[in-house]
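The values are calculated or read from the model by the stated rules, or taken from the named source; none is laboratory data. None of these values were measured; they are calculated from a predicted model. All Cβ positions, even for glycine, are placed from backbone atoms using ideal geometry, and neighbour counts span all protein chains on display. Note: accessible area is taken over every heavy atom of the protein model, side chains too, but ligands, DNA and RNA are not part of it. Shrake-Rupley method; radii C 1.70, N 1.55, O 1.52, S 1.80 Å.
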Amino acid sequence: MNLAAALAYLESLELPQGDYAVFGSGPLLIRGIIDNAADLDVIARGAAWEQAAAAGRLTYLPDHNVTVASFFGGAITIGTRWAIGDFSVDELIDTAELIDGIPFVRLEHVRSYKRLAGRRKDIDHLDKLDRWLHAD
């Protein structure tokens, strides 16, 4: 996935600030902690979700019991909750950090999610995050 192109597309959606944030691997990718990600995962609520649901291709993911809106050939996925774990979407969005005008979920939340998910890529991402946090 081309991060710059995906972020430009996300910005073009003009989702209301304060109602969405990039989650998953996106906060690691934007900081250069990891080099690549398959897609950009976004959590949304309220007006941002309504706008995304109206404009995107809706898909129900039965394994996670969630409906998502897809954009940019599937490179951007927007949903109302995170499929793994019990995270407060409001907290994730309300505490997000703006980077170049786009809200990204804080790294401590990404760390918690990746630990819980425990997939091979998540373990790799956690190792890279730890090295990045402890670099001089």
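Annotations
- Filter pass, Leu98 being of a type outside the set (Lys, Arg), under 27 Å from Leu126 (Cα atoms), at pLDDT 95 or above and assigned to a helix (DSSP H, G or I): no
- Residues of the range 70-95 that are without any contact (Cβ under 8 Å) to a residue 24 or more places away in the chain, charged (D, E, K, R) and part of a loop (DSSP other than H, G, I, E, B): Asp86 alone.
- Of everything listed in (1) farther than 18 Å from Leu10 by Cα; (2) assigned to a loop (DSSP other than H, G, I, E, B), the single unmet condition for Thr67 is (2).
- Only listed residue being touching a residue at least 12 places away in the same chain (Cβ under 8 Å), among the aliphatic types (A, V, I, L, M), buried (at least 21 other Cβ atoms within 10 Å of the Cβ) and in a helix (DSSP H, G or I), chosen from Val22, Val110: Val110
- Residue that is modelled with the lowest pLDDT [pool: residues in the range 66-82 that are within 13 Å of the chain's Cα centre (by Cα) and open to solvent by 40 Å² or more (accessible area, probe 1.4 Å)]: Arg81
- Restricting Asp100, Asp127 to residues that are open to solvent by 40 Å² or more (accessible area, probe 1.4 Å) and out of contact with any helix residue (DSSP H, G or I) (no Cβ under 9 Å at 6 or more places or on another chain) narrows the list to Asp127.
- Looking only at the range 34-54, and only at residues there that are open to solvent by 70 Å² or more (accessible area, probe 1.4 Å) and either among the hydrophobic types (A, V, I, L, M, F, W, C) or within 15 Å of the chain's Cα centre (by Cα) (or both), the one that is farthest from Trp132 (Cα to Cα): Ala54
- Number of residues in the range 83-97 that are open to solvent by 60 Å² or more (accessible area, probe 1.4 Å) and touching a strand residue (DSSP E or B) at 6+ places or on another chain (Cβ under 7 Å): the value is 1.
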